[in-house]
């Protein structure tokens, strides 16, 4: 396949950038119009969190998608998607800290320690910070091979983010657990897609052959 | 926000009803109407979006109680009737208001059973007739750490129960919610062990704060709020207030209650509002207050008070009890 021209990539980037801003625009619109419902803080938290998780999974989908389609230039969109995931996670955290907990700061420490879902959620955001900071070209060059190792953290972050969602579902709410379980399956599928299946199959065939020859 | 159909009541009557309820609340309602109008249009909901902020339902005039007022800003009628936990109609907060339309709260009867001299089936009218309705403003604290301030219309539970002459063996009172799968789509899912059951100790039930509510905001209870008859125990978490009650039974031993059954470590039998005892997955030390015009983003979190602010009235019921063990 012929590599796409640089202008095509720029256009694609602009489109993805605008698409990633749409959920934020939608939220801002609903805030301005007061259409977030009776508990607007909870609505803001849920929607910003949803988009952080979705963008994280979309970022994780780039590599498998690239292998599947053979469109190598998809990788050029990955950094922007990852940074948007971090952006929405930060908005999510900021809403929780400033608007929801606002004035009840003493509660924060006990919340982080005592609630497992807040513990893992906060940890997921914390681990995203070094990834965002080292996302520049200069940092990539400076870190060299270690950059790839560091950014493997995103696999753990994805799992923490899904757990953060799964863990807060009320006991006995079997219906409510459906949505986080969908995210969990997507995450597991994306992880499974990274396993070296072709190599394993090849090895399996090699180990079978001597027997058939005997 | 869901828009809904205007009931067949002349517009003039709706307005006068609001004025009757509380002038200040009515004026706030007008302030809310403008943004609702805009959003209603943007979503293509042309059918009278303005009315969404206005109370609807059959008027249920009742004198205001002097004793039971909170002095706090009321929750809007729209929020109190469109943000509900009533799992028989679905687990989402807007499910009850969306799905309760098919429910028929009339005619209604309640079966009274157990350790009492007077037992049997009573129509709702018979239950209410000897008592004068009154309007009481109570704080309403959900176990999920949000709260509202709601003017209920009802009768004191204790006065109603006394008519059944509970015997000395009646140590507890259990309440059962109606179970009608054809009218309550949430019952198709085994979220809880249906029917919904709640219970109080007899002295809690006889306490003057305990209310059998039949209305809110000077109107009959909407289906999603537990029509036609529900329990209100303002010093306990909201789920203790069984909705659409069809059975009242006097027990000698502590009855099984629905949430306690599904998660005993998370929901105790007493479930008194207690900022010192956290729910395992969230704090109970503060709450998000849903009140006023709605849509407010800031300055909504407030400290939760022991017994939801009714400690002076009810703390003596639990004298000598370890409230951490009996959460």
So if I check each of A:135, A:185, which one is part of a loop (DSSP other than H, G, I, E, B), on the phi < 0 side of the Ramachandran plot and modelled with pLDDT of 90 or more?
A:135
Go through (1) part of a loop (DSSP other than H, G, I, E, B); (2) touching a helix residue (DSSP H, G or I) at 6+ places or on another chain (Cβ under 7 Å) one by one and return the number of the condition residue B:315 breaks.
(1)
Being assigned by TED's automatic domain parsing to the domain that holds residue B:179, over 24 Å from residue B:77 (Cβ atoms) and touching a strand residue (DSSP E or B) at 6+ places or on another chain (Cβ under 9 Å): is that true of residue B:291 here?
no
Any residue at all in region A:18-25 that is closer than 22 Å to residue A:78 by Cα, away from chain B (no Cβ under 11 Å) and surrounded by 17 or more Cβ atoms within 10 Å (Cβ to Cβ)?
yes
For region B:220-241, what are the residues that are closer than 12 Å to residue B:152 by Cα and surrounded by fewer than 22 Cβ atoms within 10 Å (Cβ to Cβ)?
B:220
Output for region B:170-188, where each listed residue is under 12 Å from residue B:202 (Cα atoms) and touching a helix residue (DSSP H, G or I) at 6+ places or on another chain (Cβ under 8 Å)
B:170, B:171, B:172, B:173
Scan B:312, B:278 and give me the residue that is surrounded by fewer than 20 Cβ atoms within 10 Å (Cβ to Cβ), farther than 20 Å from residue B:201 by Cα and either away from chain A (no Cβ under 12 Å) or at pLDDT below 90 (or both).
B:278
What single numbered condition from (1) more than 14 Å from chain A (Cβ to nearest Cβ); (2) more than 23 Å from residue B:115 (Cβ to Cβ); (3) without any contact (Cβ under 8 Å) to a residue 60 or more places away in the chain fails to hold for residue B:273?
(3)
All strands (runs of 3 or more DSSP E) inside region B:83-198 with 1 or more residues being free of Cβ contacts under 8 Å to residues at least 40 places away in the same chain and under 26 Å from residue B:56 (Cβ atoms):
B:120-123
Quick check on residue B:209: is it touching a strand residue (DSSP E or B) at 6+ places or on another chain (Cβ under 9 Å) and buried (at least 24 other Cβ atoms within 10 Å of the Cβ)?
no
Scanning region A:86-114 residue by residue, the ones that are modelled with pLDDT under 85 and within 18 Å of residue A:52 (Cβ to Cβ) total 1
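The values are calculated or read from the model by the stated rules, or taken from the named source; none is laboratory data. Note that the coordinates shown come from a computational prediction; the quantities given were computed from them, not determined experimentally. Neighbour counts are summed over all protein chains in view; Cβ atoms, including those assigned to glycine, are modelled from backbone coordinates with ideal geometry.
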